[in-house]
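The values are calculated or read from the model by the stated rules, or taken from the named source; none is laboratory data. Small disclaimer: the values here were computed from a predicted structure and weren't measured. Here the Cβ positions follow ideal geometry from the backbone for every residue, glycine too, while neighbour counts run over all protein chains shown.
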């Protein structure tokens, strides 16, 4: 029975070898703490316009949230089947190398793995369908996002520039919020 299950698992779960790897994107932390005082730099020109870079940050944040949500869904699904996501991945890896029958896993774990596989697969499919939609909201295709991501990862000056753009945007948001509050307060006083 285990050999038949193993063959079935090989065909069904090839995509599960690394359930934590999100194939299309791997968002980066554009808020990496950098407490070094920034020196005045010459004005550097970058391949991407500031608006594109800010949209990249927003898209990256959206993808990070999507990854967290996906991981939470997979963790919850695994727990509902009596496994942890880590244990699921261990079983998937053992299955890939043909070591499922090595006695490291109980029959209950293998059965839970078999039942959980389609659930994890659907969660991953849903995520993969949401990624392009999320990217499109910020004006990106998968390729254009990857283009900015690649450049961002290898160019420290670009990373610093994006952080500075974010600081400036946040300053503007705070000023706008204060202006609105002052306007609302003036309106309230005028109405009283």
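Please go through the stretch 92-131 and give me each residue that is in contact (Cβ under 8 Å) with a residue 12 or more places away in the chain and closer than 30 Å to residue 47 by Cβ, ordered by number. 127, 128, 130, 131, listed by residue number.
With respect to residue 152, determine if the residue is at pLDDT 95 or above, part of a helix (DSSP H, G or I) and over 30 Å from residue 75 (Cα atoms). So residue 152 passes the test.
Residues are listed down the side, and each one gets a yes or a no for (1) in contact with a strand residue (DSSP E or B) (Cβ under 8 Å, 6 or more places away or on another chain); (2) crowded, with 16+ Cβ neighbours inside 10 Å; (3) at pLDDT below 95:
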{"site": "96", "(1), (2), (3)": "no, yes, yes"}
{"site": "100", "(1), (2), (3)": "no, yes, yes"}
{"site": "103", "(1), (2), (3)": "no, no, yes"}
{"site": "123", "(1), (2), (3)": "no, yes, no"}
{"site": "126", "(1), (2), (3)": "no, no, no"}
{"site": "140", "(1), (2), (3)": "no, yes, no"}
{"site": "143", "(1), (2), (3)": "no, no, no"}
{"site": "164", "(1), (2), (3)": "no, no, no"}
{"site": "167", "(1), (2), (3)": "no, no, no"}
